[in-house]
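**Student:** To start, I am sharing the structure in question, which I have written as structure tokens.
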Amino acid sequence: MAKEYPTKITATDFSMYYGQKQALHNISITVPERRVTAFIGPSGCGKSTFLRSMNRMNDLIDGTRHEGGMVIDDVDVYDPTVDVSTLRRKIGMVFQKSVPFPKSIFENITYGLTLLDRRSKSDLEQVVEESLQRAALWNEVKDRLHHSALGLSGGQQQRLCIARAVAVNPEILLMDEPCSALDPISTGKVEELITELKDTYTIVLVTHNMQQAARVSDYTGFFLMGHLIEFDRTRTLFTSPAKKETEDYITGRFG
Amino acid sequence: MQAPFTSHHTVSKRVLGLFAIGIALTATVAVLGVILGMLADFAVKGGPELTWSFLTEYPRNSNMEGGIFPALAGTTFLVLLMTLMGVPIGTATAIYLTEFARQDSWFARSVRFAVNTLAGVPSIVFGLFGVGFFVQFVGKGLDTASGSSVFGDGSLLWCAATLAVLTLPVVIVAVEEALRAVPRELREASLALGATRWQTITKVVLPNAVSGILTGSILAVGRGAGEVAAILFVGVTYSAESLPDAVTEKFMHLGYHLYVLATQSPDVEATLPLQYATTIVLLGLTFLLNFSAIYLRSRLRRR
């Protein structure tokens, strides 16, 4: 699977537990570099949990543990020598709820950069412009960079969050249902953006919207009750799924 | 044929309902009446004494004349010092409990249990603790170690320390509440950008919890300002020639001054107007602090 492109992320028999409850069952998958990989499935199927395992956001929840391997660029992200902050800088994340910091647009974009070291003002200004350009937001906000980010519309806030993630120059972008709180027009803009960004970043997209997965992704994985049922090229998965469960789901027979 | 929306309740049930409402209303009016009556009484009897010079002059003639300036200033010093000592410790504890500790861990549960227990301890017990621990143990210990006699007696410092312990639960609970009000998504967004836990706390969580921390501090100050029993043996004095020059000196305090006027004066009757005026000042101070806390809290909620 996904042999046409170099592999960016490899999970091998990856399982995740919340206390006694097993949330992910032996997931094995290879995510191709600089493509869009979508995870679909009904609520509670484990697709978000799997996404959040990639940058170890699940570490924040008390009582989680994992088994198996999660390798990004030949490094097991759960290796004890891995510095989680460094790992997360390499892996940007966009959340379901757009959460700008209650700071200015400028400060939101530069937040990740200023964590590490001081940068000159011109340097920061350049990054802010580049990131906002990349997130297709520059023209809308260039005259109010120092106004609060909370004054932006929902769609603009989500693109700001994408710009903020892009600003630290990651290699991977994890998107956890990034459009589920957006109207159709904003959703269209974000989807367009995802298609443009995949030239630069490996994108993993969790969505409960099958049409979205079909529109923007190159590969799709279908999750059900903590199992990865099927993973294939998006066109193949949606037109001739190999598994009965996948077919039932995409034809709307459940979920 | 019954009209569609008439009551199906029997007359006796309706009477019972009215009766219950009547009792609740009476109780409310009674509470309000007691408070207003008390305040009116204070205002009438103490009001005339409440002049600028009352606030700015030293007491004279065995506290039977003059003002309350050293007590007012002493109370201010005390709560400031108490805040400086208690709020950082309380805030740090709250940060530990909400941001670092595993919520179901044995240690976190013990700390919470200790905090809740601390909140229920009578203040006179804190007073005895202040003497026993701060004055006798820490103070005397310091003096023995340094061969001087600076810390081994009741003082402003030990009173502030005692009150800091007493108000710790107030601070911890308020700050914890403020920290929990910061959305989880903000924390995650920060961490996902490569921030460490500590960076996330200082750059995102605390700035968003400032008004909550402030509320906690003010509530603590309000609680501490009116407290007498806890400092009774720890360093207050009934009369002072001047304001304390150092935190290791004794000081006058509004609440204690009131106690002295009411019980230790050569002529208690004659000092009644002074007592009422002092009460007004003390209550005013506490109300002011509580109202500012309520105001800050409502602003915090609105955001």
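**Student:** In region A:179-213, which residues are assigned to a loop (DSSP other than H, G, I, E, B) and closer than 21 Å to A:Ile250 by Cβ?
**Tutor:** Across region A:179-213, the qualifying residues are A:Cys179, A:Ser180, A:Thr207, A:His208, A:Asn209.
**Student:** While we're here: Look through region A:222-255, keep the residues that are acidic (Asp, Glu) and more than 13 Å from A:Phe39 (Cβ to Cβ), and return whichever of them is surrounded by the fewest Cβ atoms within 10 Å (Cβ to Cβ).
**Tutor:** My answer is A:Asp248.
**Student:** How many residues does region A:111-155 contain that are in a helix (DSSP H, G or I) and crowded, with 23+ Cβ neighbours inside 10 Å?
**Tutor:** 6
**Student:** Quick one: is A:Thr37 more than 14 Å from every other protein chain (Cβ to nearest Cβ) and at pLDDT 95 or above?
**Tutor:** Yes; evaluated as a whole, the condition is true for this residue.
**Student:** Could you tell me which residue of region A:65-85 is farthest from the other protein chains (Cβ to nearest Cβ), considering only residues that are acidic (Asp, Glu) and in a loop (DSSP other than H, G, I, E, B)?
**Tutor:** Filtering first and then ranking leaves A:Asp74.
**Student:** Pick from region A:53-64 the residues that are charged (D, E, K, R) and assigned to a loop (DSSP other than H, G, I, E, B): which of them is surrounded by the fewest Cβ atoms within 10 Å (Cβ to Cβ)?
**Tutor:** A:Asp62
**Student:** Is it true that some residue in region B:5-21 is part of a helix (DSSP H, G or I) and closer than 30 Å to B:Ser239 by Cα?
**Tutor:** Looking for residues that are part of a helix (DSSP H, G or I) and closer than 30 Å to B:Ser239 by Cα, one finds none in region B:5-21, hence no.
**Student:** Among the listed residues B:Ala3, B:Ala40, identify the single one that is out of contact with any Lys or Arg (no Cβ under 9 Å at 6 or more places or on another chain), of a type in the set (A, V, I, L, M) and at pLDDT 85 or above.
**Tutor:** Every option except B:Ala40 fails the conditions.
**Student:** So, of the residues in region B:51-100 that are outside any helix (DSSP H, G or I) and touching a Leu at 6+ places or on another chain (Cβ under 9 Å), which turns out to be surrounded by the fewest Cβ atoms within 10 Å (Cβ to Cβ)?
**Tutor:** B:Glu65
**Student:** Tell me which residues, restricted to region A:24-48, are buried (at least 22 other Cβ atoms within 10 Å of the Cβ) and among the β-branched types (Val, Ile, Thr).
**Tutor:** Hits for region A:24-48 are A:Ile27, A:Val31, A:Val36, A:Thr37, A:Ile40.
**Student:** Could you grab me the full set of residues in region B:191-212 that are at the interface with chain A (Cβ under 7 Å from one of its Cβ atoms) and farther than 19 Å from B:Ala293 by Cβ?
**Tutor:** B:Leu191, B:Ala192, B:Leu193, B:Gly194, B:Ala195, B:Thr196, B:Gln199, B:Val204
**Student:** Let me ask something additional. When you go through (1) in contact (Cβ under 8 Å) with a residue 60 or more places away in the chain; (2) small (Gly, Ala, Ser); (3) farther than 29 Å from B:Leu206 by Cβ one by one for B:Gly86, which number turns out not to apply?
**Tutor:** (3) is the only condition that B:Gly86 fails.
**Student:** Moving on to the next point. For residues in region B:173-190 being more than 13 Å from chain A (Cβ to nearest Cβ) and among the charged types (D, E, K, R), which is surrounded by the fewest Cβ atoms within 10 Å (Cβ to Cβ)?
**Tutor:** The selected residue is B:Arg180.
**Student:** Which members of region A:114-128 meet the condition of being at pLDDT 90 or above and under 22 Å from the mean Cα position of the chain (by Cα)?
**Tutor:** Across region A:114-128, the qualifying residues are A:Val127, A:Val128.
**Student:** Can I ask one more? For region A:51-64, indicate whether the set of residues that are in contact with a Lys or Arg (Cβ under 6 Å, 6 or more places away or on another chain), touching a residue at least 24 places away in the same chain (Cβ under 8 Å) and more than 9 Å from chain B (Cβ to nearest Cβ) is non-empty.
**Tutor:** yes
**Student:** Another question, if that's okay. Just name the residue that is farthest from the other protein chains (Cβ to nearest Cβ) out of those in region A:90-112 that are β-branched (Val, Ile, Thr) and under 18 Å from A:Leu137 (Cα atoms).
**Tutor:** Ranking the qualifying residues of region A:90-112, first place goes to A:Ile105.
**Student:** Would you confirm, using the coordinates I've provided, whether B:Ala160 is more than 24 Å from B:Thr75 (Cβ to Cβ) and either within 14 Å of chain A (Cβ to nearest Cβ) or buried (at least 21 other Cβ atoms within 10 Å of the Cβ) (or both)?
**Tutor:** Considered against the rule, which asks whether it is more than 24 Å from B:Thr75 (Cβ to Cβ) and either within 14 Å of chain A (Cβ to nearest Cβ) or buried (at least 21 other Cβ atoms within 10 Å of the Cβ) (or both), B:Ala160 comes out as no.
**Student:** Give me a count of the residues in region B:103-151 that are touching a residue at least 60 places away in the same chain (Cβ under 8 Å) and of a type outside the set (A, V, I, L, M, F, W, C).
**Tutor:** The qualifying residues number 4.
**Student:** Follow-up. When residues of region A:20-40 are filtered for being touching a residue at least 60 places away in the same chain (Cβ under 8 Å), on the phi < 0 side of the Ramachandran plot and basic (Lys, Arg), how many remain?
**Tutor:** Result for region A:20-40: 1.
**Student:** Could you count how many residues in region A:156-178 are part of a helix (DSSP H, G or I), in contact with a Leu (Cβ under 8 Å, 6 or more places away or on another chain) and in contact (Cβ under 8 Å) with a residue 60 or more places away in the chain?
**Tutor:** Matching residues across region A:156-178 total 6.
The values are calculated or read from the model by the stated rules, or taken from the named source; none is laboratory data. What you see is a predicted model, and the numbers here were worked out from it, not measured in a lab. FYI the Cβ positions are ideal-geometry reconstructions off the backbone, even for glycines, and counts take in every protein chain you see.
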